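Remarks on the structure that follows.
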Number of protein chains: 6
Amino acid sequence: MERVKTGIPGLDEMLQGGFVPQTANLIEGAPGTGKTTLGMQFIHHGIVACGEPGLILTFEEFPQQYYRDSANFGWDFRHMEQEGKLRIVMTSPEVSKADLEQVGGRIEKLVEEIGARRILVDSLSHFERLSENSAHLRAIVYGFVNALKREGLTAVLTRENAALLGETEETDDAIAFLVDSYTLLRYVEIESSIHKALLVLKMRGSNHDKGIRQFEITSRGIEVRAPFEGREGIMSGSPRRMVDSFVQAFVRR
Amino acid sequence: MERVKTGIPGLDEMLQGGFVPQTANLIEGAPGTGKTTLGMQFIHHGIVACGEPGLILTFEEFPQQYYRDSANFGWDFRHMEQEGKLRIVMTSPEVSKADLEQVGGRIEKLVEEIGARRILVDSLSHFERLSENSAHLRAIVYGFVNALKREGLTAVLTRENAALLGETEETDDAIAFLVDSYTLLRYVEIESSIHKALLVLKMRGSNHDKGIRQFEITSRGIEVRAPFEGREGIMSGSPRRMVDSFVQAFVRR
Amino acid sequence: MERVKTGIPGLDEMLQGGFVPQTANLIEGAPGTGKTTLGMQFIHHGIVACGEPGLILTFEEFPQQYYRDSANFGWDFRHMEQEGKLRIVMTSPEVSKADLEQVGGRIEKLVEEIGARRILVDSLSHFERLSENSAHLRAIVYGFVNALKREGLTAVLTRENAALLGETEETDDAIAFLVDSYTLLRYVEIESSIHKALLVLKMRGSNHDKGIRQFEITSRGIEVRAPFEGREGIMSGSPRRMVDSFVQAFVRR
Amino acid sequence: MERVKTGIPGLDEMLQGGFVPQTANLIEGAPGTGKTTLGMQFIHHGIVACGEPGLILTFEEFPQQYYRDSANFGWDFRHMEQEGKLRIVMTSPEVSKADLEQVGGRIEKLVEEIGARRILVDSLSHFERLSENSAHLRAIVYGFVNALKREGLTAVLTRENAALLGETEETDDAIAFLVDSYTLLRYVEIESSIHKALLVLKMRGSNHDKGIRQFEITSRGIEVRAPFEGREGIMSGSPRRMVDSFVQAFVRR
Amino acid sequence: MERVKTGIPGLDEMLQGGFVPQTANLIEGAPGTGKTTLGMQFIHHGIVACGEPGLILTFEEFPQQYYRDSANFGWDFRHMEQEGKLRIVMTSPEVSKADLEQVGGRIEKLVEEIGARRILVDSLSHFERLSENSAHLRAIVYGFVNALKREGLTAVLTRENAALLGETEETDDAIAFLVDSYTLLRYVEIESSIHKALLVLKMRGSNHDKGIRQFEITSRGIEVRAPFEGREGIMSGSPRRMVDSFVQAFVRR
Amino acid sequence: MERVKTGIPGLDEMLQGGFVPQTANLIEGAPGTGKTTLGMQFIHHGIVACGEPGLILTFEEFPQQYYRDSANFGWDFRHMEQEGKLRIVMTSPEVSKADLEQVGGRIEKLVEEIGARRILVDSLSHFERLSENSAHLRAIVYGFVNALKREGLTAVLTRENAALLGETEETDDAIAFLVDSYTLLRYVEIESSIHKALLVLKMRGSNHDKGIRQFEITSRGIEVRAPFEGREGIMSGSPRRMVDSFVQAFVRR
């Protein structure tokens, strides 16, 4: 099957080649785990390696912040925008939603104008202010996500998770059920240091790697490494050494 | 006793042949655990192997999504619909409820039209918006479920569970008490990887396998495998190695 | 002392012969743990073995469901009803409460009509909708329970517990304080399988067995077996192997 | 110092002789732990062994229930009442509070009438309905407790605790701060059985035994036994074997 | 630096001599941990050993209670009050606040009248009723605390903590941020007994002992002993034996 | 890259030289962990070692408190203010926000007046009272933080965390997502003593040290030491000894 490569070493392999085209892909993590970096890398790779122009929809940060942040990885977003391969649009959830609901809205025009194939929505968490009714909010996000797909876009949607270590006790999370894939970025404490873990929990219509992999943010962007070894309870954020390694130490004696 | 086979290797065995006819069967799980796949497989098996036409009631996804998703497993839902063996109906909880309350409502007509014997309700979670009063909601769901049974249908009802690992602290769950069977799909972290577990917690009027079994979503649908071994606390999502294996390692020395 | 036998092998032994006459006995458990089965067995045993007619008060299920469910255990509730030894009454908490408050209400008449000595109230959880004020609700349940006793009935009251494993964090549970006995049915995960545990926590005016016993639902109803062995934290739902067995393994070496 | 003996073997020893005269003593526990039994034993011992008449204030149960319950331990409360050494008064928190606020109220008269020296208030939990404002409720209870002391009474106040095992997450408990002593009755799971534990947490103006002691309800009432041994985390309700016993098993080898 | 000695053996050593003059010092603990005793000892030591008269502000207990409680330790508060070295003032948070806001209020007059240098505010928890808005409450307490300092007083402020073992999940605690020192009194279960632990968590403008120390309430007041040894997780209230002692037992073999 | 040195031994090394210029840096911790000390040290180092004047914005404490607190470390803030290198401004979140929104507001004037390059905002927690709507509050803080950057300032923003040990269950924390770096100060219990831990969780646009480091508040300010060793679960506040050290003890035998 055709795939939309993220260009992130290790992640495309986990996704069996990349995202499925025209899908909505949720990337969730605590502050500093690299959600936006992952999304920018996805956009950058599309433009540079696949000839697929991209859109970035931001609800808080100015385009300048993306220019600066991308420059840290050697990606020239300002230049790409000048060349008509990228548009960074600062808007609000209210406006974006309205744009996509009407024929020929602003987003539709931008898609046509630069022939966009990819979009980064940074972050979906801002949609939460659109409704206090969770069923209503779900319907809004579902409509928004489907509109992106109708435009032919493959989307990376970031979402903020306030839990620094381990999982929150989400009692009302509907978003994860309506996206096509769901990737978790998490902090893990091991040997007095904080590591980063990536897990693809869900991928609709495709098999995928179920491992919990280490990753780092390097000067070239995100790099996904090997799975954690010899630890139990990684997703708790505070794993224990496995009894195995303990036993082996004895046995080797 | 006559049983309604799900056609899922391993699950029918756990259910001692399949679901009891004309019962409501709850399948609950986190995003990506395979609730809808299990339900589609149940519908597909009814049509293909048992000559039992089926209905799919959806409150969010379009029929096209089911065509696509089923195609991943080699099931041609579009064709089955054309042959009059399947109806995928996108509706709302409000309308479904009203349909079943009146004589000769839309659902009743569809059942008669194709001679439906099975139904997938995907997902029951959408009913939660029908009432904020839990006693009232319970009465609605109970009425809906009974109406399905009166139509002679055996039902698979999916339900979303927001907890990624382990159980939520449900303080107000009435649904599990009024269905005839209750199956849990759960994520379990073992050796730096996420596995899937299936447990039939409850089955009214029948014995059933109490094991916590591993399962996978393959290109042929869901396949239930052997129970987990040598682990304590599987339902917590983060099991510990059992002391047994530790002791054995010593003893074997 | 005279006792009201439940007819459940093992349970009567734990209760030192059975329930105390004219008491209210709470049976609480998660979905599928066998609360209703225990209650039906209590009613069935009264009719068949003790010559004590019985009432079943149901607030949700139709009498047909009890006919079906009891038939699974070889108990013919329909026939018993025809013989005037059983009445299954589908009603509402509102009506039941009013019935018992007036002289010669419906329940009083039924008691007189068949000479009922036992009652199953399935389930007390439905009373929760009668008041949002916990002190008021407590007074209602207390009045209801006392009225049953005044009618000379020994009552089994089922109650739903939404926690699948371990205990809920009940912060406002008054019912357990006003009943005469309190029995917990719980799920326990051991070696990748779900077992059922029964514990008589409280029994007013009598000694009782304090063990946490395994039980099963067989074709003859509930059967209470031996206590769990070699496990700590059974009531948590996820017990640990005890260090003892670990030590013994070493010592036996 | 003069002490008010409870007559409970083991408890008076823990209290260094008994309660301090004219104090309010809180006894808190889950359903079935024996709060009322402890209180009745305190009243019974006063009448029979110390020549101190007693009052029982009940807000829910009828006097008949106390006659029955006390009879289980061979205490004839009905007879004592006839002899003018005991008064069991069923009332409401509203009335009790008003009674104590006015000069020559009903409680004051009863105290004078029988020369009462002890009182059992069963249970203080019913006061919670007097106010939803916690500061106001605290003031009410403080006033009530002080009025009892002014009448020259030594009081046992029972309080219900909904947590079956371990502690509740009390965030707003003011009562324990204003009483003179605070005794906890708790369930503890050990070796597949439920045991009962008693702990005197607080005793104003006196030293006391800090041990967590086992106790049982026998045909003679409550009997306090030896402390638990070789267990950690008893107050969690689910103690672990201590590493000590583990080590000793090795060392003894 | 000059210090205000508490006179409590062990505590002054932990505080590097005592409290810093004209500071607000928070003492927090569960019922019975000895908050008021610590505060009375601080006042008593000031009067007897340092020639520093003291004030006690109480919002619930009558002065008589302080006379009685102090007498248990051989401190004659009634006499000290007669000698003009102590004033025990029963008031309300509303009045205290108003007193300190106006020039020449009652508290200011008392300070001048007896030349008070120390104050015990027992307890600060009663201030919580002054506002339901946490920012407003914070401002009130901050104003109150500063007013005490302006009067030249060194203050001990007690605060109630409802958690019997371990910490509460405080989500809105602002008080600890605005005081100058913060000392925790906690219960700790060790070997089937309840011990008391003291920890100075914070001390502005000074170094201090960071150990978790055992303490007892003796006939001479509070005595702080050695730190706990060989235990992990003391502040959880239910510490585990450390693996160290386990290892040592093996090694010594 | 140019960096803004904090002057704190160890921290600058962790930050790869210091903060990135014109960024907002969040320092979060429980009471007494040293948030304000860290902020004052940052301001002091700017003035004394880098020729960068600084501003302190305080919403609760008076400038006198900062004079006193800084004097403990030998920093003469009063003198620096007289020399025009420092301004300590006591204000309110409402006023600060308004100041920064208008051209030539008070803060802008102060920046110009002393040529301020650094700012300490102590503490950001006071902003929480500006709105009960979390999306609105987020927009306010974002606007405030950006205004500081526009003034050319590098900011340290302190934030209060009420959890004494371990993490709070934050369900609505948006601030950590919009700052440029996020540093956690935490208490950790080890061997019956409370230690302090520092962790740089996030640093936008730069690599940084991911270790969990010990730190102390000495007479020279904050000093960051080596990482913790041989412990698991440090961020829980109650770490366990690692199995490693256990094994090593055996192996070395």
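Values for this structure:
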item	result
Calculated FRET value between residue A:109 and residue F:49, using beta carbons and R₀ = 51 Å, to 0.05	0.45
For region A:125-236, the spread of Cα positions along each principal axis, largest first, Å	44, 30, 28
Accessible area (Å², 1.4 Å probe, nearest 10) - residue B:67	40
Accessible area per residue in Å² at 1.4 Å probe, computed on chain E	36
For region F:55-102: rounded, prolate or oblate by the Cα gyration tensor [a/c cutoff 1.5]	oblate
Computed [θ] at 222 nm, helices only, for the protein assembly as shown once each DSSP H run of length n ≥ 4 contributes -39500 (n - 2.57)	-9500 deg cm²/dmol
Which listed pairs, of E:97/F:196; A:149/F:202; A:109/F:202; B:85/B:210; F:5/F:196; A:210/B:35, have C-alpha distances above 25 Å, in listed order	E:97/F:196; A:149/F:202; A:109/F:202; B:85/B:210
Contact surface F-E: accessible area buried, both sides summed, square angstrom, 1.4 angstrom probe	3000
When the convex hull of its Cα atoms is projected in every direction, mean area for region F:37-126 (nm²)	5.4
Max mean-square fluctuation residue, GNM over chain D, Cα-Cα springs under 10 Å, options D:107, D:194, D:27	D:194
Carbon/sulfur fraction of accessible area - region C:65-149, other protein chains in place, 1.4 Å, %	46
Rounded to 5, the percent of DSSP beta bridges in chain A classed as antiparallel	45
For region C:135-158, residues shielded by at least 30 square angstrom of accessible area compared with the chain on its own, probe 1.4 Å	C:135, C:138, C:142
Max mean-square fluctuation residue, GNM over chain A, Cα-Cα springs under 10 Å, options A:116, A:49, A:30	A:49
Quarter of Cα convex hull surface for region A:11-250, i.e. mean projection, nm²	13.8
Calculated label separations, residue F:225, copies of the chain, 7 Å along the beta-carbon direction, nm	2.7, 2.7, 4.8, 4.8, 5.5
7 Å along Cα→Cβ, label-point gaps from residue E:131 to other copies, nm, shortest first	2.1, 2.1, 3.7, 3.7, 4.3
Where only C-alpha atoms are counted, convex hull volume of the protein assembly as shown per residue in Å³	191
Phi to ³J(HN,Hα) by Karplus 6.51 cos²θ - 1.76 cosθ + 1.60 over region A:228-238, Hz, x for Gly, Pro	5, 10, x, 10, 10, x, 4, 5, 6, x, 9
Nm distances between copies for residue A:149, ranked from closest, using label points 7 Å along Cα→Cβ	3.5, 3.5, 6.0, 6.1, 7.0
Loop-located GluC sites (Glu not before Pro) in region F:32-133 whose Cβ has at most 14 other Cβ within 10 Å (DSSP)	F:83, F:132
Potential lengthening between residue E:193 and residue E:140 on full extension [0.36 nm per residue; Cα-Cα distance subtracted]	15.1 nm
Cβ-Cβ FRET estimate between residue C:2 and residue B:132, R0 fixed at 60 Å, reported to 0.05	0.80
Candidates E:59, E:42, E:228: whichever shows maximal mean-square fluctuation once chain E is modelled as a Gaussian network with Cα springs under 10 Å	E:228
Within region C:28-176, percent of DSSP bridges classed antiparallel, to nearest 5	0
Number of partner chain Cβ atoms within 10 Å, mean per residue of A:160-167	6
Phi to ³J(HN,Hα) by Karplus 6.51 cos²θ - 1.76 cosθ + 1.60 over region B:209-221, Hz, x for Gly, Pro	6, 8, x, 9, 9, 6, 8, 9, 9, 9, 5, 9, x
Partner chain coverage, peptide C:117-127 - average Cβ within 10 angstrom	1
Under the span-like rule (Cα at least 15 Å along the axis, Kyte-Doolittle mean at least -0.5), DSSP H helices of chain D	D:35-49, D:134-150
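The values are calculated or read from the model by the stated rules, or taken from the named source; none is laboratory data. Note that this is a predicted model, so its numbers are computed, not measured. Glycine also receives a Cβ, built like all others from the backbone with ideal geometry; neighbour counts cover every protein chain displayed. Just so you know, the surface numbers come from the protein's heavy atoms only, side chains and all, with ligands and any DNA or RNA stripped out. Shrake-Rupley method; radii C 1.70, N 1.55, O 1.52, S 1.80 Å.
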